[in-house]
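The values are calculated or read from the model by the stated rules, or taken from the named source; none is laboratory data. Computed from a predicted structure; not experimentally measured. Here the Cβ positions follow ideal geometry from the backbone for every residue, glycine too, while neighbour counts run over all protein chains shown. We work out accessible area using only protein heavy atoms, side chains counted, and drop any ligands, DNA or RNA first. Shrake-Rupley method; radii C 1.70, N 1.55, O 1.52, S 1.80 Å.
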Amino acid sequence: METRSSIHHLFMPLMLAAALGLAGCSGQGRGDFFKLRVGGDATATGEEQDRETIWDLFTDQDDPNTTVEVNRYIWNAALDVLSFLPIEAVDPFSGVIVTGYGTPPGGGRPYRAIIYVRDPALDARSLQVSLMTRSGPVSPDTVRAVEDAILTRARQLRVADSKL
């Protein structure tokens, strides 16, 4: 059992890094992804700049005024709802939050989460949550309940913001 846990700890960060690396390599939609502002409902601006060779990665061709495609309400709601989990890594540029193991209030089983906010819209398609316990992934119903809690909290934050 100890071997499986240590393999799991090594395997998950490698898979996350590989997935983010592959997502960053695709040229499709890159312009829209990075040309959006942080906030509620963002719109695309500007045009994508093509890279011709690998060496173009090391030149400063990007617009310094570029912003990210992360819905701030979902982002803040995810941090709020899962505040009992210790944060291990946060990357607002890719919309990824990685947490360590933590036990929810009133619960006895520790959970770990990876949250991916991938769209500026305030809807269910913008959020992807992956939950796991020390013994493996949790049921889809539990993941759905956490996603619903995050989206409900995000809507509450947006309503509170509009009353200002």
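Residues with beta-carbon under 9 Å from that of Thr133, excluding Thr133: net charge, scoring Lys, Arg +1 and Asp, Glu -1?
+3
List the residues, sorted by chain then number, that are 5 or more residues from Ile87 or on another chain and whose placed amide H is less than 5 Å from its amide H.
Amide H neighbours of Ile87: Gly100.
Sorting check: for 136-148, 86-98, which peptide has the highest mean count of neighbouring beta carbons within 10 Å, and how do the rest follow?
The peptides rank, most packed first, as 86-98, 136-148.
At a 1.4 Å probe, what is the % contribution of carbon and sulfur to the accessible area of segment 109-164?
With neighbouring chains kept in place, the figure for segment 109-164 is 50 percent.
Just the Kirkwood number for segment 117-164, please: inverse of mean 1/r across all distinct Cα pairs, in Å, one decimal.
Every distinct Cα pair counted, the radius reaches 12.0 Å.
Considering amide H positions built from the backbone, and no H for Pro or chain starts, which residues 5 or more places from Tyr111, or on another chain, come under 5 Å of its amide H?
Residues meeting the amide H criterion: Gly102, Thr103.
Percent relative contact order of segment 72-164, based on C-alpha pairs within less than 8 angstrom and at least six residues apart?
The normalised contact order for segment 72-164 reaches 26 percent.
How much net charge surrounds Gly100 when only the other residues with a Cβ under 11 Å from the Cβ of Gly100 are counted, with Lys and Arg +1 and Asp and Glu -1? Mind dumping the intermediate values first?
Values: positive: Arg112; negative: Glu88.
Here the charged neighbours net out to 0.
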